[in-house]
Amino acid sequence: MRTSAPVKAFNFLFFALLAIFIPFLPVYFDEQGLSPSQIGFIVGTGGFITIVAQPLWGMISDRTKTIRKVLLLLLVCAIITGFVLYHTGTYSLIILFAMLTYFFLMPVDPLTESLNFRVAESAGISYGSLRTYGALGYAVMSLFAGYIMTSYGAHSLAYLFAAIGLVSFVITLFMPDAPVSGKPVTLSSLKHFLSSKETLLFLILVFISSIPARMNDTYLGVYIKELGGTASLVGQAWFLAAGSEIVVFALSFWWLRKGSELMLIAFSGFFYFVRFFASAWMEDPHLLAYLQLLQLLTFPVFYSAAIQYLYRIVPVEWRATGQTVLALLFFGVSGIIASFAGGALYEAFGGRTLFLTISGMSLAGTLFGIVLYRIYGHRVRAASADPAGEDAPE
C-alpha cells in the first residue's frame, strides 16, 4: 500500500496538468486573439503529434524497460515547453511550443495508465483506487486554474503549469518502476482485428459518437466566453463535468452489466444529444456551465461501456490491439477532425450552429447504437448467460 501512495499523488498531479492543458489551451488561444479556425488548426495538428508521439515513447519505454525514467524525461521537457507556450503571445511561437508540449506531455498519459495497472496488480488493490485520484486532480485543477487565469491573467498559467510539473517530477522520483510489455499495433494484427464485422461496426459507432464529444471539449470554453463568461466560469464548468465522473466510474461495478453495453452507449448518446442541443440555446453562460453536470450521464457511461463491450467481442490475444485502436479513435483521430472541422464551422456560423450540428451527430450515434443493440445485443446476452459460451467475433 505504501508504494501506491506516490502513484496516487502522481495521478492527481498529472491529470491536474492535463486540466491546465486540454480545456484551457483553447481559452488561452482565444485570449491571445486567435480565431476559432486558428485554434482548431493548432489543436488538430496537436492531435497528429499525439498519434505519433504516444507509440514512439511507448516503444522507447519498451526498449529501455522502464516507465519511471521515461516519465522523468518527458516531464522535464513538458515543463519547459509548457511554460514557454503559456508565456508567449506570438502566433509562430505558440504553434511551435504547442506542438512540442503535445509531443512531450500527451505520451505521459498511456505510460501512467500502464504504471497504474501494474502497481495495482502488485499491491493487490483496484485500478480504480489509483485512477480516481486522476479524476479528482482534473476536477480540482479545472476550478483552480479558471480562478487563477481570471485573477492574474492568461500568462499566469505558465507559472501554474511549471509549478505543478515540478512537483510531479519530484513525486516521480519516489514512484516504483515497472517495465512495459504492451504489444505494439502491427499491420497484420490490425487487419485481423478489423476482420470482424461486429468489431468494425462497433468502432464506427465509437467514431461517430466521439467527434461531437471532442468538439465540445475543444470549444466549450470559447463558447462560454463568447456568451460573456470568464475563465473562472470555464473552470467551474469543467470542475462540474470532471467531478461528476468520479461517482459514475466508482460505481461502475454496480450499473455496468454484461450484455447491456450497446444500450448504455445509446443511452449516453441520447444525453449527449440533450446536452449539446440545450447548449445551443443557452444565452446565460452560468446556465451553460451548470449544464455540464450532464457529463454524469455521458462520457463515463459511454467510455466504460465501450471498453467492456470491446473486451467482450475481441479475442483475448487481440485486446491490446483493440484498446489501442479504441483510444486512437476516441482521443486521436476524432480529436483531429473535431478540431479542424469544428473550428471552421464555429468561425463561419458561430457557436450555436456548432452545438446544433454536434447534437445532430450525437442523435445519429444514438440511433446507430440502438440498431447495433437490436442486431448483436441479444446474442451477447445469450452468450453471457451460457457459462460455456464464448464471445467470438463473426
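Side notes on the structure shown:
- Long pairs among LYS8/LYS65; LYS8/LYS69; LYS8/LYS191, criterion Cα-Cα beyond 26 Å: LYS8/LYS191
- Furthest towards positive pole of dipole, ALA364, PRO23, GLN308, structure part the chain, Cβ charges: GLN308
- Report note on the peptides 79-91, 203-215: ranked by the mean count of other C-beta atoms within 10 Å, highest first, their order is 203-215, 79-91.
- Toward the positive end of the charge dipole of the chain, with +1 on the Cβ of Lys and Arg and -1 on the Cβ of Asp and Glu, the farthest Cα among LEU136, TYR152, VAL325 is that of VAL325.
- Applying 0.36 nm per residue to the separation of VAL167 and ALA250 and subtracting their alpha-carbon distance, the gain on full extension is 27.2 nm.
- Å² of accessible area per residue within the stretch 141-284, as computed with a 1.4 Å probe and no ligands counted: 43
- Cα-based Rg and Dmax for the chain, where Dmax is the largest Cα-Cα distance (Å): 20.4, 63
- Cα-only radius of gyration and Dmax that characterise the stretch 10-54, units Å: 12.1, 35
- Under the span-like rule (Cα at least 15 Å along the axis, Kyte-Doolittle mean at least 0.5), DSSP H helices of the chain: 4-21, 36-64, 68-85, 91-105, 127-152, 156-173, 197-226, 231-250, 261-281, 299-313, 334-349, 351-372
- Descending by average beta-carbon neighbour count within 10 Å, the peptides 57-70, 237-250 line up as 237-250, 57-70, the highest first.
- With contributions of -39500 (n - 2.57) from each DSSP H run of at least four residues, the per-residue ellipticity at 222 nm computed over the chain stands at -26000 deg cm²/dmol.
- Cβ-placed point charges (K, R +1; D, E -1), dipole of the chain about Cα centre in debye, nearest 20: 720
- The label point for ASP177 and the one for SER37, both projected 7 Å from the Cα toward the Cβ, are 4.9 nm apart.
The values are calculated or read from the model by the stated rules, or taken from the named source; none is laboratory data. If you're wondering where the values come from, they're calculated on a predicted model, not measured in any experiment. Because the Cβ atoms are built from the backbone with ideal geometry, glycine has one as well, and the counts that use them run over all protein chains shown. Areas reflect the complete protein model, heavy atoms only, side chains present, ligands, DNA and RNA absent. Shrake-Rupley method; radii C 1.70, N 1.55, O 1.52, S 1.80 Å.
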